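Below: one structure, written as structure tokens.
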Amino acid sequence: SVTLPKPAFRRVITIANQKGGVGKTTTTVNLASALALQGLTVLVVDLDPQGNASTALGVVHTSGTPSSYELLIGEVKAVDAVQTSPHSERLLCIPATIDLAGAEIELVSMVARENRLKGALNDKVLAELDVDFVLIDCPPSLGLLTVNAMVAAKEVLIPIQCEYYALEGVGQLLRNIELVQAHLNPDLHVSTVLLTMYDGRTKLADQVAEEVRKHFGDTVLRAVIPRSVKVSEAPGYGMTVLDYDPGSRGAMSYLDAGRELAGRSVTTTTQEQ
Ligand code: ADP
Ligand code: MG
């Protein structure tokens, strides 16, 4: 397949939306897989105690496995928590175990509680891991785990489900992003919006897509992820849809989204081959 150009600098992207079930995890693992298939090295950081991203990437995440929990509390270094997905040597994952479930509360009393992930994944660490992209999968809340993800990243990617109430809660998410930007991470911005679970047979899906594009403009990727059974089946096999059924519409749409996302990183300083 096509090889994407390496980004001019490492891109750290937080996948956030405090609504559950909008496709955060699905988007994280499938975009990561798409970028890896196209020649880039990607680290997925699973910050949801449910560990669904870890499951989909086929990495070990039983309780006690070095994970994002130990990383946040400073018990392990990133390099000691990273696993390689069995499906691609360019696809790395710091898993989440159930041990992360208490972290939201444990973090409250910790020094620099909002900056712990940033510290663990600083530029030097990412250079050593030699990754082009870091994608952070957030839990469905705006608590300290999500704040840590927003401090560690420059970009936020918001998946929006093409359903009723799609934009519900997005205003609150944007206000939280502004707060983090004002107080903790001036570089943070919403770089990308991705429409997910699009059902072309319904008028509603088109109306939602139109409303989201009006609201977010060019931030919205042209690629739209269709609602597809293959996409929802893949994690059950410890796979992304790109491994499970590479020819499916779901796989193709995530490949397109990955290409578009990577294309946006090409700056004027990047030399043409
Ligand atoms: P979140 O991480 O935001 O809670 P998930 O990515 O876990 O959301 O998705 C919620 C549910 O929807 C999961 O069961 C997932 O398999 C399913 N799903 C996500 N994207 C699609 C899609 N494009 N087509 C069909 N099912 C999907
Ligand atoms: Mg999730």
Of all DSSP beta bridges in the chain, antiparallel share, percent nearest 5: 5 percent
Reciprocal of mean inverse Cα separation for segment 105-240 (Kirkwood radius, Å): 16.9 Å
Violations at 32 Å Cα threshold for listed pairs Lys19/Lys118; Lys24/Lys118; Lys203/Lys230; Lys24/Lys203; Lys124/Lys230 -> Lys124/Lys230
Per-residue Cβ contact counts at 10 Å, fewest first, order Tyr69, Tyr165 as Tyr165, Tyr69
Would you grab the residues whose amide H sits under 5 Å from the one on Ile160? Only those 5+ places off in sequence or on another chain, please, with H modelled 1.01 Å from N. Leu194, Leu195, Thr196
Note: the chain at 37 °C, 0.692 mPa s; Kirkwood Rh on alpha carbon pairs; Stokes-Einstein D in µm²/s works out to 178 µm²/s
Once every DSSP H run of n ≥ 4 in the chain is given -39500 (n - 2.57) and the sum is divided by its residues, what mean residue ellipticity at 222 nm do you get, rounded to the nearest 500 deg cm²/dmol? -11000 deg cm²/dmol
Cleavage-rule hits (trypsin sites (Lys or Arg not before Pro)) in segment 178-273: DSSP loop, at most 16 neighbouring Cβ within 10 angstrom: Arg201, Arg222, Arg264
Compute the normalised compactness of segment 87-176: alpha-carbon radius of gyration over 2.2 N^0.38 Å, N being the residue count. 1.23
Please identify every one of the trypsin sites (Lys or Arg not before Pro) in segment 86-138 that sits in a loop by DSSP and has no more than 16 other beta carbons within 10 Å of its own beta carbon. Arg113
The chain: most fluctuating residue of Val111, Val180, Val45 per GNM, C-alpha cutoff 10 Å: Val111
Using DSSP loop states and a limit of at most 13 other Cβ atoms within 10 Å to flag GluC sites (Glu not before Pro), what is the longest stretch of the chain containing no flagged site? 169-271
For Ile105 and Arg222, compute 0.36 nm times the residue count separating them, minus their Cα-Cα distance, and round to one decimal in nm. 38.2 nm
Top mean-square fluctuation among Gly23, Gly58, Gly247, Gaussian network model of the chain, C-alpha springs under 10 Å? Gly247
Springs between alpha-carbon pairs under 10 angstrom, Gaussian network model over the chain: which of Gly74, Gly171, Gly263 fluctuates most? Gly171
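All of the numbers you see were taken from the coordinates with simple rules; none came from a lab. Being a predicted model, the structure only gives us computed values, none of them experimental. Neighbour counts run over all protein chains shown; Cβ positions are idealised from the backbone, glycine included.
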